[in-house]
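Notes for the one structure printed next.
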């Protein structure tokens, strides 16, 4: 049985999806509710987009606490998912929201559903701890990075430069995040995740995509993303500027 808060978030999430006229419904589940059959269902989608074996996928699933699963409104087919976990740094007085594995079928991309998922998860954390600042962390491939960072008013790439607020606490949180998923943090700050884009995924993005400002930022830090198995880390606060930018993006993407 879902917890009362999970049930509330799922109800609010599905109400919002209807108002946005999105062609999906969503499930808000604790990772412990995922049996082998559900994990295999999610892996089938993930592996078709970014090649990854089932054992590694299952390990990464277990490094998270919650998942939002998006299903086709008409047929119930899994079309996307976003995993989440949380952490905190008592010394710095910050709660961290750590985005885990994210995959969206091409048919529901460009609707900002991953941003919608992030807002819903952040709402759940805010309801539990209303006064604690929230910092969002992500270890992302190029496509995930572009789709998130383009919706933000501000963010920071890992490793953060000297002088950035809460730098050491954020670096500790990234180290824990990498340890949970058994990612290796390279000396240059990239995360070796052993995940590679498939030929089909690469073919879906035309050359102009890689000229977008966010893509150029990513390529400047990780130019061999197609073959090196590495992702980049980045972070941002759920401050007023970012919240306004994210909400505006979700509305625009579902209006176009």
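Some observations on this one:
- Qualifying residue in the stretch 92-100 (condition: crowded, with 19+ Cβ neighbours inside 10 Å, without any contact (Cβ under 8 Å) to a residue 40 or more places away in the chain and in contact with a strand residue (DSSP E or B) (Cβ under 9 Å, 6 or more places away or on another chain)): no
- Residues that are under 17 Å from the mean Cα position of the chain (by Cα) and touching a residue at least 40 places away in the same chain (Cβ under 8 Å), drawn from the stretch 72-84: 79, 80, 83
- Unique residue being touching a strand residue (DSSP E or B) at 6+ places or on another chain (Cβ under 7 Å), closer than 26 Å to residue 174 by Cβ and either surrounded by fewer than 22 Cβ atoms within 10 Å (Cβ to Cβ) or modelled with pLDDT of 90 or more (or both) when the list is 82, 77: 82
- Residue 63 meets the conditions (1) modelled with pLDDT under 95; (2) more than 20 Å from residue 231 (Cβ to Cβ); (3) in contact with a helix residue (DSSP H, G or I) (Cβ under 9 Å, 6 or more places away or on another chain) in every case but one. The failed one is (2).
- Candidate set: the stretch 124-171, residues that are in a loop (DSSP other than H, G, I, E, B) and touching a helix residue (DSSP H, G or I) at 6+ places or on another chain (Cβ under 6 Å); chosen: the one surrounded by the most Cβ atoms within 10 Å (Cβ to Cβ): 151
- Subset of the stretch 176-206 (residues that are modelled with pLDDT of 95 or more and not in a loop (DSSP other than H, G, I, E, B)): 184, 185, 191, 192
- Lone unmet requirement of (1) within 25 Å of residue 39 (Cα to Cα); (2) buried (at least 17 other Cβ atoms within 10 Å of the Cβ); (3) in contact with a helix residue (DSSP H, G or I) (Cβ under 9 Å, 6 or more places away or on another chain) for residue 109: (2)
- Of the set (1) under 27 Å from residue 47 (Cα atoms); (2) surrounded by 14 or more Cβ atoms within 10 Å (Cβ to Cβ), all apply to residue 237 but (1).
- Flag if residue 249 is surrounded by 15 or more Cβ atoms within 10 Å (Cβ to Cβ), at pLDDT 95 or above, in a helix (DSSP H, G or I) and touching a helix residue (DSSP H, G or I) at 6+ places or on another chain (Cβ under 9 Å): yes
- Scope the stretch 220-242; condition under 18 Å from residue 152 (Cβ atoms), touching a helix residue (DSSP H, G or I) at 6+ places or on another chain (Cβ under 9 Å) and not in a strand (DSSP E or B); matching residues: 238
- Going through (1) at pLDDT below 95; (2) farther than 27 Å from residue 152 by Cβ; (3) in contact with a strand residue (DSSP E or B) (Cβ under 8 Å, 6 or more places away or on another chain) one by one, residue 72 falls short only on (1).
- First in the stretch 169-196 and on the phi < 0 side of the Ramachandran plot and without any contact (Cβ under 8 Å) to a residue 24 or more places away in the chain, second anywhere and assigned to a helix (DSSP H, G or I) and surrounded by fewer than 16 Cβ atoms within 10 Å (Cβ to Cβ), Cβ under 9 Å, 6 or more apart: 185/175
The values are calculated or read from the model by the stated rules, or taken from the named source; none is laboratory data. Everything numeric here is computed off the predicted structure, so don't read it as measured data. Positions of Cβ are backbone-derived with ideal geometry, glycine not excepted, and every protein chain shown enters the neighbour counts.
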